[in-house]
Structures are given as C-alpha cells and as structure tokens.
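First comes the structure, then the notes that go with it.
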Amino acid sequence: MNVEVVVTINEIEKELIKAAKELRKTEPLSESILDWQILSKKNFGEMLAATLAQLLGGELIQKNDLERLFLTQFQKHPSILINAAYDLEATVERDPACSDYLEPLLFFKGFQGIQAYRTAHSLWNEKRTFPAKMLQSIVSQKFGMDLHPAAKIGCGILLDHATNIVVGETAKIGDNVSIFHGVTLGGSGKESGDRHPKIGDGVMLGAHAQLLGNIRIGRGAKIGAGAVVLKNVPAHTTFAGVPAVQVGHPENDMPSLEMQQDFTLDAQ
C-alpha cells in the first residue's frame, strides 16, 4: 500500500463530531441529518453505514436492512473502513470544493459511491453476487456512476464529481488515483475475459477520458480530458487527444495529487 494516512480513523471520528456539533449550532436544517447520521453513532463505521443506507435504501432494499448489511461487512472486513479513511482524506486534500471531513461523507457522491462499491466488492469476493450486483445497480441509479463489484480498486481514491464514471469488471485501479467525471474504463468490444484497463498508482484521469481494452496506464501518468486511450501508456507520461498520443511528461511524480488538467506546464 503506497498511501500514507496523516490522520487515524479515531481522529476522523473526532473531526466529524466536532464539525457536526458546530454546524448544528448555526444551521437548523442540519439537525435531523447530523443527529441521525453522525452524532447518535458510536464510530466512523456506524456513521458511514447510516449515511449510505439513508441515501441508497428504500426501493430495492429497506434502509434498516441496508444499514445492517453495511455494518456486517465493515465488521467482517475492517479494510473497508481503512480504505474509506484513505479516500476521505484524499478528498479533503485534493478537492478545493471540500472544506472538512463532514462534507464528503454527507454529500459527495464520489466518496459515497466508492464506499458502497467497497462493500459490494467484499460481497462479490464472498460469492454473494446478488447483493453485490444489487448495490451496483442502486449506486448506478442514484449516483449515475457504475462500478462493477468485481473490479479491483486501491485506496486514496478521489472520484471528483463522479457523474458518468464507468469501471468495468476486470479493471484494476491502483492507489492514490484521481478520476474526474465521465471517465470510462471499458472494454473495446465483445471480447470476454480480462478486457478492461489497469491503472497504476498516482495516475490522474481527466474528465471524460475513455480508456478502452486491456491496456496498462503506468504509474504517475496523466490522461488529458476527452482523450481516447487504446494502447498502453508508459509511466510518468502525459497522453491526450483522439486517439491519445504522448504530449509530454507530468511535472511531478504523482499528478493525481495536483489535480491539474492543463498540460501546458508539462516538460516536453
């Protein structure tokens, strides 16, 4: 694991409670949400489970049943919450629209969607494909993003805006990756088997980039907005265009941390 968490889960819990109490004093409309999803809960896992159930429950599965499902999987697979902490910190650190830990937990569907995926992935690995695909379907309907539960996704992930992100069944995403809205990690046709992209650590995928087929995007690469990538991308290179070609090199080792979609600053 290539991500260093600056704060622990316990520290995140304290920050969430502090922010919730301060907001509750000044914004009456926040009281019911904060009381139910944050202040009445014992720990980060309960906060996350309540929030996801509140957003995703009520149609295919009742909110109480969904909350119990999340809590059960969190208990069985502690790595879900560890990775959620990495993702939450990544969101706070990289997204300029985020002011504290409370906002992404309550309102950012990119963060919320990937945590639902992590639970679905744990169910998929247990051969419980029905609830795994049920969660995938609900997230797709409610959040407009489609993450297959069989895909393998690392930690420290930022899904910025997240609308229309698609991650296929055999896709793999490393650690510390930032993905903007509209990105597709898809197949290139009707082939079966291992058919989706593999994304290295520290990669940044610009808005609406389309990566198709069993291709590899090397560590620290940057893919420009709207690019159509059909071949392997070497580490620490910048690719852009339709079809995408190399246009330079990122200035830093992990462009995912800088979130700079403009590649005019790249060293040619």
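The values are calculated or read from the model by the stated rules, or taken from the named source; none is laboratory data. Everything numeric here is computed off the predicted structure, so don't read it as measured data. In this analysis, Cβ positions are derived from the backbone assuming ideal geometry, glycine residues included, and neighbour counts consider all displayed protein chains.
Structure summary
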| read-out | value |
| --- | --- |
| Condition met for GLY110 (in contact (Cβ under 8 Å) with a residue 40 or more places away in the chain and either in contact with a His (Cβ under 9 Å, 6 or more places away or on another chain) or at positive phi (or both)) | yes |
| Breaking point among (1) surrounded by 24 or more Cβ atoms within 10 Å (Cβ to Cβ); (2) over 26 Å from GLU89 (Cα atoms), for GLY193 | (1) |
| Number of the exception - PHE130 against (1) without any contact (Cβ under 8 Å) to a residue 40 or more places away in the chain; (2) touching a helix residue (DSSP H, G or I) at 6+ places or on another chain (Cβ under 7 Å); (3) closer than 25 Å to GLU59 by Cα | (2) |
| Subset tally (residues that are assigned to a strand (DSSP E or B) and touching a residue at least 12 places away in the same chain (Cβ under 8 Å)) for the range 236-245 | 3 |
| From LYS222, LYS231, residue being crowded, with 20+ Cβ neighbours inside 10 Å and basic (Lys, Arg) | LYS222 |
| Residue in the range 213-231 that is in contact with a His (Cβ under 7 Å, 6 or more places away or on another chain), at pLDDT 95 or above and under 30 Å from LEU60 (Cα atoms) present | no |
| Residues located in the range 37-81, provided they are touching a helix residue (DSSP H, G or I) at 6+ places or on another chain (Cβ under 8 Å) and modelled with pLDDT under 95 | GLU59, LEU60, ILE61 |
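Conditions tested, residue by residue: (1) without any contact (Cβ under 8 Å) to a residue 12 or more places away in the chain; (2) under 25 Å from LYS133 (Cα atoms).
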position	(1), (2)
LYS25	yes, no
LEU34	no, no
GLY45	no, yes
LEU48	no, yes
PHE70	no, yes
PHE74	no, yes
LEU88	no, yes
